[in-house]
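Note sheet for the following structure.
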Amino acid sequence: MSKDKIVLAYSGGLDTSITIPWLKENYDADIIAVCVDVGQKEDWEAVEKKAIASGASKFYNPHVADVLAEEYIYPAISSNLKYQGTYLLGTALARPLIAKELVAVAHKEGATAICHGCTGKGNDQVRFETGIAAFDPEMKIVAPWRIWDIKSREDALKYAELKGVPVTSTIEKIYSEDENLMHISHEGGDIESPKNAVDYSSILNITNALENTPDEAEIVEIIFEQGKATAVNGEELKPHEVLETLNAIAGKHGIGVLDWIEDRTIGMKSRGIYETPGATLLMEAHERLESLTLTKETIKLKQHLAVEFAELIYNGQWYSMASDSILAFMNHTQKTVTGDVKLKLYKGNMLPHGLKSEFALFDEDVSGFGEDDLFDHHDAEGYINVITLPTKIQKKLGLL
């Protein structure tokens, strides 16, 4: 009689590395490790060997970085999404795609459960399990951090040593890192306390600390077509190539580093350090182009809905009626967001260096101080009389 099968969301990091032997100890099942390539830099052959050596019976490695860029990151950029006005959702955007791939492998293998290595205090357990439910509401979930006796990353390191599982984390460098095409996040260790200053040059992987950035500015040109970046510095690129290229350019100049206290989905605050160089640059360029091509009312609506949309995604609701509806509106607004944006990069700054579009709503004659055919200076008097009427009445009544 064949064993049950459990699909494990495997990264090769500390948590998922020890999960394989733990699952084999506690479940009479074959463990199928699935490491989804969403743009992280890995030696995939080494990751597979480690998974098999740790006890996995099979290894899957779907390569979907291009899908992440086109179907998740680009919509987030065109929607100008920043959770709590700051975080560009690098981890949150990748989780629904990873969940989708996990379910696909589970169905292919006839697995009875999907396991993840997310901590019981984190956001990702919510994102993974909500994503899985969107494709298979009946799929069983195994969440070791909610049930095993391991209580800390220090305990996890001891368990790894006991089981002979090689890991790169140490007591001295016990940070938890998540990498994909869009960003790298750093949490844990001495980063956890807001009281601690950190040496960014020793932590950052794809972004220069400001003191290590070039002393000369660099101009970057990005071409957009209906809200999507299609070329960088005159070279036409696919979405994932745009992000890779801008990661290198923006990272060199120290752009996109966020050291931030966030409010997690499950209630507590936490500190994280995020590197999102390319997407930060891309969103800045996109917002500048929208300022030229969208009406005031459209921008206001986008800003309002972006707050709600960002929170939905942060909380794991990418696959939802609300997200689908907001995204439909966002996509509609992008029809005229076409043009050429130039930015000057220097020491973490992104300064405007030129902006043009065939759909520009800026009219030099109308916006200038001189006369034009569309606006008579005397018209302002009537407008001011109307707009000040409530103020005048309030003053008469002694309310001001």
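The values are calculated or read from the model by the stated rules, or taken from the named source; none is laboratory data. Just so it is clear, the model here is predicted, and its values are computed rather than measured. Reconstructed Cβ throughout: ideal geometry from the backbone, glycine too, with neighbour counts over all protein chains shown. The area values use the complete protein model at the heavy-atom level, side chains included, leaving out ligands, DNA and RNA. Shrake-Rupley method; radii C 1.70, N 1.55, O 1.52, S 1.80 Å.
Observations on the structure shown:
- Count of region 22-46 residues which are surrounded by fewer than 19 Cβ atoms within 10 Å (Cβ to Cβ), part of a helix (DSSP H, G or I) and either over 26 Å from the mean Cα position of the chain (by Cα) or modelled with pLDDT under 95 (or both): 5
- Sole exception among (1) assigned to a helix (DSSP H, G or I); (2) open to solvent by less than 40 Å² (accessible area, probe 1.4 Å) for TRP318, by number: (1)
- Enumeration of residues in region 321-349 that are among the polar types (S, T, N, Q), under 19 Å from the mean Cα position of the chain (by Cα) and either within 30 Å of GLY122 (Cα to Cα) or in a loop (DSSP other than H, G, I, E, B) (or both): SER323
- Here is the figure for region 1-17: residues that are at pLDDT 90 or above and open to solvent by less than 30 Å² (accessible area, probe 1.4 Å) total 5.
- Among residues of region 51-72 that are within 28 Å of TYR319 (Cβ to Cβ) and open to solvent by 20 Å² or more (accessible area, probe 1.4 Å), those with a beta-carbon under 7 Å from a residue that is of a type in the set (D, E, K, R) and in a loop (DSSP other than H, G, I, E, B) at least six positions away or on a different chain give the pairs ASP66/LYS238.
- Hey, ILE141 closer than 23 Å to THR91 by Cα, open to solvent by 40 Å² or more (accessible area, probe 1.4 Å) and at pLDDT 90 or above or not: yes
- Of all the numbered requirements in (1) in contact (Cβ under 8 Å) with a residue 24 or more places away in the chain; (2) at positive phi; (3) not β-branched (Val, Ile, Thr), ASN233 misses one, and that requirement is (1).
- Residue selected from region 116-138 under the condition of a type outside the set (D, E, K, R) and assigned to a loop (DSSP other than H, G, I, E, B), by the criterion most open to solvent (accessible area, probe 1.4 Å): PRO137
- Comparison of ALA217, ALA197 shows that the only residue that is at negative phi and either open to solvent by less than 90 Å² (accessible area, probe 1.4 Å) or in contact (Cβ under 8 Å) with a residue 60 or more places away in the chain (or both) is ALA217.
- Members of region 350-368 found to be outside any loop (DSSP other than H, G, I, E, B), in contact (Cβ under 8 Å) with a residue 12 or more places away in the chain and small (Gly, Ala, Ser), listed by number: GLY354
- GLU290 vs. criteria closer than 22 Å to LEU312 by Cβ and over 20 Å from the mean Cα position of the chain (by Cα): yes
- Residue in region 179-186 that is out of contact with any Gly (no Cβ under 8 Å at 6 or more places or on another chain) and open to solvent by 10 Å² or more (accessible area, probe 1.4 Å) present: no
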